[in-house]
Every structure is written in C-alpha cells, then in structure tokens.
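Just below is one structure, and these are the notes that go with it.
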Amino acid sequence: MHLLRRTAVVLVAAVGSIALAAGPAAAAPNAQDQEFLVGAHQGNLAEVAAGQAALAQATTPQVKELGQMLITDHQALDAQLVPVAQQLAVTLPDAPSASQAAALARVQSLSGAEFDKAWIALQIESHRATLALGQEELAEGAEPSVQALATASAPVVQRHLDMALAAAGALGVPTSVPAGSGGGAASSTQDLGLAVAGAGLLVLALTALVAVRRRHA
C-alpha cells in the first residue's frame, strides 16, 4: 500500500510536469477534455470538503484516516490540474457542483455511526464516478496533457475507492462491488501491479508528448 502511495504521488508530479512542458504546442482541447477538466476540478473540491467534514464529524478511525487522505491527495491532484486548464484557456468553477454540495450536506446532517456510514457510501459513489470520468477522457479526449492528468489520477482515486470499500465492509455499508474486490484494502500484489501499470502509463504519456512536439516542429 505504501509502495502504491509513493508511486502514485511520483506519477502525479511527473505527469503534471509533462503536461506543463507540452505548452502551446499541444492540440486544442475538445469537448471531452473540457468536461474532464471541469468535472475533475469540481470532484477535487468536493472531496476536499468531504475530507474536512470527516475530520470534524466522523467517529470511526478509518473514516477520519480516509478523510485526511482525501484532503491531501485531491489538493495535490488539483494543483496539477489547474495550471493545465489555464494553459488551455478552460475556465474552472470555484465550487463543487450543486448536486455534490447537496449530497455532502445530507451526510453532514447526520451524526455518529449514521454519519460514518453515509459518508463512506458517498465516497464509494463519487470515486466510481471520478474513475468513469477519467476512462471517458482516455477514450474520447484529444489533448495529451489532459489525458496525462486522467492517467495520473486513476491510481490515486482507485486507492481511495479501495479504502472506502474496505471501510464499508467493516461498517456494514452495502455495496454492489463484485466479489473479491472490496473486502479489504488492496493487497501488496495489487499495489505493485497498479504501481507498474502507472509507470507504464507514464511512458505512454511521454510518448504522446514527443509525438505532439514532432507534429508541431
């Protein structure tokens, strides 16, 4: 788990540097690229707010630990995303979406064990949505620097989801996860696999950047 966390942090920083290095030579973002930038940014803001709520209201150590992780990791992800959006002239909102704010408000209206359970359920839902958004970007996006952000964020978001699923099992929160994928935190073998996959995707991002630069040379 620690290997995956260290690798994910390095991958986020490295891909962020690649995205910034692409500069004005990169292709113009399409509608999917813009949707990803806006959606991922709002997701980061929502997860930071959710993490702060967990630190203030949670009664379960697992929930508090994940809450702090959300704050740290999603602030780091957003610090890589915002400069890319600025380079591509994509305007970002300054708050989570209305539906994200309403969902968190509903959770915050609860207390004790009910808060913890509802908070975990919300994190499972939101992180699945974030992973789906990243998959759409990789399939339909046109701008390499934005696709690099989607690549870098995936293992971080997946780790959060794995931890939320593990907490759900401990707290008795129902999930629709296939058997074997949510009974606990990712194993060391799974962590290593994700770390290796992340390194491979970084190579692909580097290749894409080189191709873009050669095309515009």
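The values are calculated or read from the model by the stated rules, or taken from the named source; none is laboratory data. The shown structure was predicted, so the numbers you read here are calculated from the model rather than taken from an experiment. Cβ sites come from the backbone with ideal geometry, for glycine too, and all protein chains shown count toward neighbours. These accessible areas exclude ligands, DNA and RNA; they are computed on the full protein's heavy atoms, side chains included. Shrake-Rupley method; radii C 1.70, N 1.55, O 1.52, S 1.80 Å.
Data table
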quantity	calculated
Size of electric dipole in region 31-171: Cβ of Lys, Arg +1 and of Asp, Glu -1, about Cα centre, debye, nearest 20	440
Protection-proxy order for peptides 53-60, 99-106, each taking the mean of Cβ atoms within 10 Å per residue, highest first	53-60, 99-106
Pair Asp94, Ala142: separation of 7 Å Cα→Cβ label points (nm)	3.1
Cα gyration tensor of region 31-171 - equivalent ellipsoid semi-axes, whole Å, descending	27, 15, 12
1.4 Å probe accessible area per residue over region 31-171, in Å²	40
Carbon + sulfur, % of accessible area of region 31-171 - ligands and nucleic acids excluded, 1.4 Å	55
